[in-house]
Amino acid sequence: MGLSTCLGVKSHPPANQDWKILHTWQATQEGYLSFAAESQTLVQQCRLHPSSYLEFPPTIHSASQVKIGDVIIAASSAPNFQHTKGFYGSIVIPCFQIAHLDAPLSWQVTSYTHYFAWFKYFPRLVEDYPLVNFFNETLNSIAAGALLLLCFLYLIIFSGKIPRQELITLLCANFFTAIYFIGNTAEAMGLSISMLTAHKIADSGLWIGFLFFIHLLYLEKLIVPWMNLAYKISVFFSLLIITFAKNGDVVQLGTAIPFIFTLIFPFYAVAELLKKGLKTRKNLFQFIALSFSSITYSNDVLVVTGVLPSFPILSIGIVSSYVFILLSINERITRTYIERDELKLLTAKLQQANENLQKAQDELIKSEKMAALGRAVARIAHELNTPIYVSRSSAQNIQTQTEKFLNYLSRARQDDIESRLKQYQQDLKVSLNALLQSVSQAADLLKNFKEISVDQINVQKKEFKLIDYIKSSLDTLGILLKRKNITVQVTGDNVSLHHDPGLFYQIIQNLVANTERYAYDAGGIIDIEVNDLPEAIRISFRDYGKGIAQSDLPKIFDAFFTTGGGSGGVGLGLNIVYRIVTRQLEGSIHCESSEGKGTTFLITIPKKQ
């Protein structure tokens with residue numbers, strides 16, 4: 001009422017030559033306001049123009065009666081408001097119905113609230129049937145049905161495709177807004193209820209519907225959280241007042257609370273959409289939906305306050321906005337499916353690329369294993385070279401000494417033979433000892449190499465002592481360790497295993513090679529300790545060299561990762577160790593290291609293996 005007064009809205013226009021005011025707005029015994037006027041001129045005009053119509057002004061939340069003399073020829077709602085036709089309807093009378101009458105035409109309108117005790121023009125003669133009730137009543141009935149139909153469509157189209165909270169918000173927004181349109185056309189919907197009850201039902205439905213609409217904007221991140229909360233609070237107080245109101249003016253007071261927020265927040269959302277840009281169809285549909293609802297709501301606010309002499313078109317705006325919301329969500333779902341299909345295609349390509357990479361990695365690892373075997377063969381050949389050379393020299397020396405001694409026997413005197421025989425025996429003993437020692441060393445090397453090579457090629461499980469096998473493996477790595485003067489100390493529990501020994505050789509070989517290449521420049525110690533735990537076997541491999549940078553630790557087991565630069569490493573050694581421990585032995589390997597303090601590899605193998 002204050003807004004209408006500030007905007008210069010008058011309770012009625014001045015009387016014209018066609019109408020005589022019987023009394024202006026005055027209180028009735030029931031507490032309503034009544035206005036009355038009469039006209040003789042309009043009856044005469046209808047007699048002259050029987051094909052025309054008498055159009056009465058829309059009176060919101062009011063009841064109108066039209067009389068010729070004492071006969072009521074038209075009425076909207078009952079003057080006591082115990083039954084109501086609707087909130088916005090107006091009376092239209094065809095002129096041929098009154099053209100034969102001579103008595104003056106009287107019009108009485110009773111306002112249900114002080115707030116709506118006004119009208120914009122006096123009844124007038126129009127040539128064509130006015131569309132005022134199409135906007136005031138028919139569109140509201142259509143909107144109610146359309147919104148309920150949209151609820152059904154949302155359930156069919158969006159169930160399982162959008163978050164449940166969003167679906168419930170959409171359904172509630174549509175359903176409660178439909179309740180508003182049902183309430184303001186109560187009689188047309190078959191509801192025989194009082195104006196007060198219809199007013200409470202309609203306005204409660206309107207604000208609950210808008211509450212879910214604003215929450216939908218919040219879910220779409222088009223308004224900020226405090227706006228969503230402020231709107232909920234305003235609607236709560238509005239519903240509280242509406243529910244316990246005793247008359248229409250109090251209901252209208254409650255329904256005025258969320259008005260300003262309902263004007264501002266959708267326009268804020270429109271601004272946010274414009275800021276994001278309307279390049280996507282989803283954003284464009286949302287912009288159209290919000291524009292429809294904001295413009296039509298603003299129009300209806302101006303109509304209800306009496307500022308704008310127009311028709312309420314919120315029904316058009318609300319239905320249109322929810323249709324475009326449906327389109328925007330459907331567009332989002334469609335886009336999601338397209339992105340999902342693109343992601344599936346990309347995932348398939350990545351899987352294929354990963355499989356190709358895995359195959360290439362496996363081939364490289366096989367090549368690295370063969371190269372490692374080749375290096376082992378070279379080391380064995382180098383180790384065998386010395387004892388074989390010594391054996392050959394000893395054998396040649398024995399042959400020479402024997403030939404010399406035999407030649408001497410053929411021409412020597414008997415008394416010289418004894419002393420010469422002793423010398424020959426001494427020389428022969430030295431040569432035989434050297435020969436036996438060298439041959440034994442070569443035999444041991446060949447035995448160790450044979451065991452290790454067979455273990456790697458046949459890969460058959462057998463019973464073996466772990467520490468003894470580690471020491472045998474280290475014998476074949478002698479040349480590698482001598483190159484930088486590295487000493488290996490093996491301690492711990494000489495636990496028995498029934499497994500593939502070759503796997504452990506590959507572990508030791510790669511760890512030793514890694515230490516020789518990266519940990520020491522000249523001289524160093526490697527400690528290998530085996531611990532027999534209740535459920536597992538733990539192997540600790542520790543050096544005291546350069547250590548590994550903390551930034552590199554997470555990547556050391558990755559294939560092709562190396563910090564060696566030009567040292568010759570290809571970054572597969574530790575990856576091979578990791579794959580053997582985790583896949584074939586079903587254990588775990590962990591590395592601890594500090595730069596300048598050395599590196600420790602902790603390998604844990606479950607005993608069930």
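The values are calculated or read from the model by the stated rules, or taken from the named source; none is laboratory data. Keep in mind it's a predicted model, so treat the numbers as computed, not measured. As a convention, Cβ positions derive from the backbone with ideal geometry for all residues, glycine included, and neighbour counts pool all protein chains shown. Accessible surface is based on the protein model in full, side chains and every heavy atom, while ligands, DNA and RNA are left aside. Shrake-Rupley method; radii C 1.70, N 1.55, O 1.52, S 1.80 Å.
Here are the numbers for this structure:
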| read-out | value |
| --- | --- |
| Every pair of residues 6+ apart whose Cβ atoms lie under 9 Å, when the first sits in the range 321-345 and is among the acidic types (Asp, Glu) while the second is at pLDDT 85 or above | Glu331/Thr280; Glu331/Arg281; Glu331/Lys282; Glu331/Leu284; Glu331/Phe285 |
| Qualifying residue in the range 109-117 (condition: modelled with pLDDT of 90 or more and of a type in the set (Gly, Ala, Ser)) | yes |
| Subset of the range 302-320 [without any contact (Cβ under 8 Å) to a residue 12 or more places away in the chain and open to solvent by 20 Å² or more (accessible area, probe 1.4 Å)] | Leu302, Leu308, Ser310 |
| Pairs, first farther than 10 Å from Asp203 by Cα in the range 167-186, second open to solvent by less than 20 Å² (accessible area, probe 1.4 Å) and not in a helix (DSSP H, G or I), C-beta under 7 Å, six or more apart | Thr185/Gly86; Ala186/Thr84; Ala186/Gly86 |
| Cross-chain or 6+ apart pairs with Cβ under 8 Å, the range 120-131 first and acidic (Asp, Glu), then in a loop (DSSP other than H, G, I, E, B) | Glu127/His49; Glu127/Ser51; Glu127/Ser52 |
| Meets criteria (open to solvent by less than 10 Å² (accessible area, probe 1.4 Å) and of a type outside the set (S, T, N, Q)) for Val250 | no |
| Identity of the residue in the range 492-550, part of a helix (DSSP H, G or I) and out of contact with any helix residue (DSSP H, G or I) (no Cβ under 9 Å at 6 or more places or on another chain), that ends up farthest from Pro606 (Cα to Cα) | Tyr518 |
| Test: residue in the range 185-204 that is among the hydroxyl-bearing types (Ser, Thr, Tyr) and open to solvent by less than 10 Å² (accessible area, probe 1.4 Å) | yes |
| Among the residues listed as Ser106, Ser76, the single one being within 30 Å of Met195 (Cβ to Cβ), free of Cβ contacts under 8 Å to residues at least 24 places away in the same chain and in contact with a strand residue (DSSP E or B) (Cβ under 7 Å, 6 or more places away or on another chain) | Ser76 |
| Criterion: open to solvent by 50 Å² or more (accessible area, probe 1.4 Å), touching a residue at least 12 places away in the same chain (Cβ under 8 Å) and under 24 Å from Thr487 (Cβ atoms) - qualifying residue of Asp532, Asp521, Asp527 | Asp521 |
| Qualifying position, being in a loop (DSSP other than H, G, I, E, B) and either β-branched (Val, Ile, Thr) or closer than 26 Å to Ile257 by Cβ (or both), among Ile162, Ile182, Ile201, Ile142 | Ile162 |
| Answer residue from the range 256-292, given it is over 29 Å from His199 (Cβ atoms) and in a loop (DSSP other than H, G, I, E, B) and is nearest to the chain's Cα centre (by Cα) among those | Thr280 |
| Unmet criterion (only one of (1) within 24 Å of Val235 (Cα to Cα); (2) buried (at least 17 other Cβ atoms within 10 Å of the Cβ)) for Ile264 | (2) |
| Some residue of the range 275-293 being within 30 Å of Lys120 (Cβ to Cβ), open to solvent by 50 Å² or more (accessible area, probe 1.4 Å) and not aliphatic (A, V, I, L, M) | yes |
| Answer from Leu170, Leu139, Leu149 - the residue that is modelled with pLDDT of 90 or more and either crowded, with 17+ Cβ neighbours inside 10 Å or over 40 Å from the mean Cα position of the chain (by Cα) (or both) | Leu170 |
| Residue satisfying condition, being closer than 28 Å to Leu308 by Cα and open to solvent by 40 Å² or more (accessible area, probe 1.4 Å), within set His114, His83 | His114 |
| Of the criteria (1) within 30 Å of Ile60 (Cα to Cα); (2) open to solvent by 20 Å² or more (accessible area, probe 1.4 Å); (3) out of contact with any Pro (no Cβ under 8 Å at 6 or more places or on another chain), which one Asn299 fails | (3) |
| Counted residues, the range 133-159 - those being among the hydroxyl-bearing types (Ser, Thr, Tyr) and either under 16 Å from Ser321 (Cβ atoms) or touching a residue at least 60 places away in the same chain (Cβ under 8 Å) (or both) | 1 |
